[in-house]
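Structure, as structure tokens:
The values are calculated or read from the model by the stated rules, or taken from the named source; none is laboratory data. Being a predicted model, the structure only gives us computed values, none of them experimental. Neighbour counts run over all protein chains shown; Cβ positions are idealised from the backbone, glycine included. SASA here: full protein model, heavy atoms, side chains in, ligands and nucleic acids out. Shrake-Rupley method; radii C 1.70, N 1.55, O 1.52, S 1.80 Å.
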Amino acid sequence: MPFYSKRDLQFQLFENLKVLDLTRFKYFEDHSQETFEMVLEAADSIATQSLFPLLTEMDRNEPKLVNGKIKVHEGMKKIVRQFGEDGWINATFSYKEGGQQLPNTIHLAAGFIFQAANYSSSVYPFLTTGAANLIRTFGNQKLIETFTPNMYNGKWQGTMALTEPDAGSSLTDLSTLAIPTEKEGIFKIKGQKIYISCGDHDACENVIHLMLARIKGAPAGVKGISLFVVPQKRVSNNEPNDVLTEGIYHKMGYKGAPIAHLMIGSNEGTEGYLVGEPNKGLSYMFQMMNEARVGVGMNAAAIGTAAYYASLAYAKERPQGRKIGEKDPAKPQIPIIAHADVKRMLLFQKSVTEGALSLLLYCATLGDIVHLAEGKEKEEAALLLDLLTPIAKSYPSEMCCLTTSAAVQVLGGAGYTTDFPVEQYYREARIHPIHEGTTGIHGLDLLGRKVLMQEGKALQLLASEIMKTIALAKEIEGMIPFAEKLEKYLQKAQQTSFHIFGKASKNPEEFLADATLYLEYIGILCISWQWLRQGITSQKVLISNSQDKDFYQGKLMALRYFFEYELVKMDGLGKRLVSEDILTVEMKGEWF
């Protein structure tokens, strides 16, 4: 059963995004379409042969806490080591560090393949990549030499240890304590962390936590948070470092990757190593978190994609009913894909997942440009990426909860059973509106910070990019109606935004009350823009008499669907956003 489309990923990267443009940077100059395709083919091989076969098994046989150690699926030992030995964990890093200097865009595309195959198993190596990246970026040479080699080769797991019982989204309230010792850069750490993905398991030799803690005497709030490397076992002698697994959480989905409750320093014996400067931990962590947020959006899009292809395969094979108006029961039943409502549900999935994938790869390319470009190009790419990150994280996360539900619905009663994978995809999709900041947090980030930064320059830049696409579309036969429609909604979005901004200085609570709806509103606009870009690419090929007409016609139909069914939802959201009724502010808890 296919879990993604090679053809669509090729289209997204090489035809629509033109990812080869990145090879103009010296860092990527050794790469070509051939090397990129080799990477994607290698990812497909691992996903097909190693990850996808364990999808159901890892869901049914979830990790267990046995005598203080989390036991995961036996197959993960081979998979984790394979990711390390094949160079996936440090693929984007420099040749000097043993990496391949691969664009993050291609690395993220490979991750999409892994996640579509088996989300749980894909989590392990990419967490290590994020943790290692923090050490190599902000740590001193000794920390880099001590910890990263065994993280790169897959022997050691990396984690992000942020959340505490009283400090989830509000890291201001973080209480894990770091007490200086006589040894320079080494602290005694004491506290507890919860919901730590891959925080303990037996598919690796050691777990390296990148942990936020507050140095004794540091300022209150976020300004007093520092970052530490806290290994589960001490590197010098392989002895326990007093990091105890107190419990394991039993999740709704993505059960194959353990989430641990950790007690740190219960016996006053946990050593942690300061990363970078004191009290800058949150700023360091946010670098990783911003990249991780685009990654979470990709996770959601990948799961949504896998569910789409599972439901598409079923719809092509399942006979049920006859065409409306056909009264003869002797006539054979037709495949359900022939029914308009089923096609609607499939188009919904296709338009959301392929639109989201387009935006996510676009964001990844902006990230590559930010890392390597200079001057105005770097500045504008950074601004645009900052603005788009909460959208790229949240739109696929929220919408793929709905697309996976549609996949279940396509299968009907069969979709509600464990005999088909769509119910698992439905459960696994639900974590993403929570991971790496809830949708509400990202709404506040977008409206409260991102659209206002530099006096709205980022939002103006986005509007400019959308207008460039609209102008291009107006020059192509068949694209003009779509260009004009998107231009109208862009103008509406600008008017709505200016109306909302007027509330910012008068009443901040009222200004931000519907920030989540604003996030959805701008998200629809951005995906519509991405669909116009895909439509332009597809129409150009069709005009030149392509041999692959069905593929490109499918793209144009998905564009039509999104503009007819999804873009118009901005009308209702826009009406709410300019309303003067602030009922959620005025509502009192005791009235519920």
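Among the GluC sites (Glu not before Pro) found in region 386-489, those both in a DSSP coil and sparsely packed, with 11 or fewer other Cβ atoms within 10 Å of their Cβ, are GLU475, GLU477. Separation of region 282-336 and region 514-528, taken as the distance between their Cα centroids, equals 22 angstrom.
Note on region 471-541: dipole from Cβ charges, positive end direction compared against SER497, PRO508, ILE480; the farthest Cα belongs to ILE480. Estimated from the Cβ-Cβ distance and a Förster radius of 45 angstrom, the FRET efficiency linking LYS575 and LEU20 is about 0.55.
Let a ≥ b ≥ c be the square roots of the eigenvalues of the Cα gyration tensor of region 180-295; is it rounded (a/c under 1.5), or, if not, prolate (a/b larger than b/c) or oblate?
Oblate shape, in that a/c is at least 1.5 and b/c is the bigger or equal ratio.
The label point for ASP166 and the one for LEU472, both projected 7 Å from the Cα toward the Cβ, are 5.3 nm apart. Using a cutoff of 8 angstrom between alpha carbon atoms and counting only pairs six or more residues apart, the relative contact order for the chain works out to 12 percent.
With both residues required to sit in the chain, DSSP beta bridges show an antiparallel share near 80%.
Is region 59-161 rounded, prolate or oblate when judged by the Cα gyration tensor, a ≥ b ≥ c being the square roots of its eigenvalues, rounded requiring a/c under 1.5 and prolate requiring a/b larger than b/c? Note, shape of region 59-161 comes out oblate. For region 160-235 and region 73-132, what is the centre-to-centre distance using only Cα atoms, to the nearest Å? Computed from Cα coordinates, the inter-centre distance equals 24 Å. Within region 218-262, none of the chymotrypsin sites (Phe, Trp or Tyr not before Pro) combine a DSSP coil assignment with at most 11 other C-beta atoms in a 10 angstrom radius.
Placing unit charges on the Cβ atoms only, positive for Lys and Arg and negative for Asp and Glu, gives region 1-126 a dipole magnitude near 500 debye about its Cα centre.
Identify, among ILE324, TYR518, PRO231, the residue whose Cα sits farthest towards the positive end of the charge dipole of the chain, taking +1 on the Cβ of Lys and Arg and -1 on the Cβ of Asp and Glu, with the dipole about the Cα centre. With unit charges placed on the Cβ atoms, the residue in question is ILE324.
List the chymotrypsin sites (Phe, Trp or Tyr not before Pro) in region 101-153 that DSSP assigns to loop (not H, G, I, E or B) and whose Cβ has at most 14 other Cβ atoms within 10 Å. Which are they?
Qualifying residues, ordered by number: none.
Assuming R0 = 22 Å, what is the FRET efficiency of LYS506 and GLN454, from their Cβ-Cβ distance, to the nearest 0.05? Computed FRET efficiency for LYS506 and GLN454: 0.55. Cross-link partners for LYS323 among the lysines, with Cα-Cα distance under 23 Å and sequence neighbours closer than 8 places in the same chain left out: LYS331, LYS343. Less than 17 Å apart at the alpha-carbon level, and either on another chain or at least 8 residues along: which lysines does that give for LYS223? Candidates past the 8-residue exclusion: LYS280. Stretching the chain fully between LYS323 and GLU145 yields a gain of 57.4 nm (0.36 nm per residue, less the alpha carbon separation).
List every DSSP H helix in the chain whose Cα atoms extend 27 Å or more along the helix's own long axis and whose mean Kyte-Doolittle hydropathy is at least -0.5.
Membrane-span-like by this rule: 119-138, 281-317, 340-372, 375-411, 480-501, 515-543.
Determine the share of the chain's accessible area contributed by carbon and sulfur atoms, expressed in whole percent, with a 1.4 angstrom probe. Taking all protein chains in place, the chain shows 53 percent carbon and sulfur surface. Residue pairs exceeding 26 angstrom between C-alpha atoms, taken from LYS393/LYS450; LYS26/LYS450; LYS6/LYS492; LYS6/LYS350; LYS78/LYS255; LYS64/LYS393: LYS26/LYS450; LYS6/LYS492; LYS64/LYS393. Checking the table LYS77/LYS142; LYS183/LYS378; LYS71/LYS193; LYS485/LYS540; LYS474/LYS575 against a 30 Å threshold on Cα-Cα, which pairs fail? With Cα atoms farther than 30 Å apart: LYS183/LYS378. With the helix formula -39500 (n - 2.57) applied to DSSP H stretches of n ≥ 4, the chain reaches a computed 222 nm mean residue ellipticity of -17000 deg cm²/dmol. Spin-label model, ILE186/LYS488: points 7 Å from Cα along the beta carbon direction are separated by 7.0 nm.
Using 1/(1 + (r/R0)^6) with R0 = 51 angstrom and r between the beta carbons of SER544 and GLU377, what's the FRET efficiency to the nearest 0.05?
Taking R0 as 51 Å, the efficiency between SER544 and GLU377 is 0.95.
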